[in-house]
Amino acid sequence: MTENASENGYLEGQILIAMPSMSDPRFKKTIILLCSHNEEGAMGIVLNKNLNVLTFEDLLDQLNIESNHAARETGVHFGGPVETERGFVLHSTDKIHETSIVIDKDIALTATLDILQSMAIGTGPSNSFFALGYSGWGPGQLEREIQDNGWLVVDADRDLVFSQQLDGKWNAAIQKLGFDPGLLSTDLGHA
């Protein structure tokens, strides 16, 4: 069990790393921060896929949120295939809204307009990551996918979550495990 995995086996606050053999193109070479994981299932945000169809400023305009251009560098990312019209902000815990869910001491999740408004005028959290949609699993589904060697699990850190340099995140997550991803087999654990 990784350092931050809960004693009951749930992986909230951990990062899933897609195995090189991942067949679903939506998740090929992705890393996902698990925001919630319990007996009812799991929910997470993909951390390394841009949408490239919408800028953050365009989104603010669509939502009629005033901006002083403080958020110009904020990217719009693919958080997963579920509820792709809904926005989620992973952010540092220096700014917490009443609707924020604290994932660990450094990371929170907020899915309300309040945080977008604060980010738009430069009073938001010091670190943030904005995504449309999320990744979800039903009861026991994620556990089966991990057992079937679909995902590896690693401790989350601020760089993996908040870096806007997406290209190297999958490799950086693998390196935290301490081995070459080229050595991974899709048959691990099967006799």
Region 16-45 and region 58-114 have their Cα centres apart by a whole-number Å value of 20 Å
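What range in the chain is the longest one free of GluC sites (Glu not before Pro) that are in a loop by DSSP and have at most 16 other Cβ atoms within 10 angstrom? Let's see the in-between values first.
Values: sites that count: Glu3, Glu7, Glu39, Glu40, Glu66, Glu73, Glu98.
The longest uninterrupted stretch comes out as 99-191.
Can you sort Leu63, Leu16, Leu51 so the residue with the fewest Cβ neighbours within 10 Å comes first? If you can, show how the numbers build up before the last one.
Values: Leu63 12, Leu16 28, Leu51 17.
Ranking Leu63, Leu16, Leu51 by Cβ neighbours within 10 Å, fewest first, gives Leu63, Leu51, Leu16.
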Value of [θ]222 nm, deg cm²/dmol, for the chain, DSSP H segments ≥ 4, -39500 (n - 2.57) each, nearest 500 | -5000 deg cm²/dmol
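Mind giving me the FRET efficiency for Lys28 and Val53? R0 is 25 Å, r the Cβ-Cβ distance, nearest 0.05 is fine. Each step should come with its number before you reach the end.
Working: r = 19 Å, r/R0 = 0.75.
That gives a FRET efficiency of 0.85.
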Rg [Å, one decimal], Dmax [Å, integer] - region 14-183, C-alpha atoms = 15.8, 50
Could you check which residue among Val161, Val82, Val46 shows the biggest mean-square fluctuation in a GNM of the chain with a 10 Å Cα cutoff?
-> Val82
Distance in nm between label sites at Leu166 and Asp104, each 7 Å beyond Cα in the beta-carbon direction?
-> 2.3 nm
Point-to-point label distance, Ile96-Gln147, nm (Cα→Cβ direction, 7 Å offset) | 3.6 nm
Taking R0 as 22 Å, what's the FRET efficiency between Glu83 and Lys176 from their Cβ-Cβ distance, rounded to 0.05?
-> 0.15
Between His37, His91, His77, find the one with the highest GNM mean-square fluctuation for the chain; connect C-alpha pairs within less than 10 Å.
-> His37
Exposure proxy check on Met43, Met22: fewest-to-most Cβ neighbours within 10 Å is Met22, Met43
What percentages, rounded to whole numbers, describe P(r) for region 134-179 computed over all alpha carbon pairs with 10 Å bin width beginning at zero?
-> 22, 44, 31, 2
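Rule-based calculations on the coordinates, nothing more; no lab input. This is a predicted model, so every value here is computed, not measured. So basically every Cβ, Gly included, is an ideal-geometry build from the backbone, and we count neighbours across all protein chains shown.
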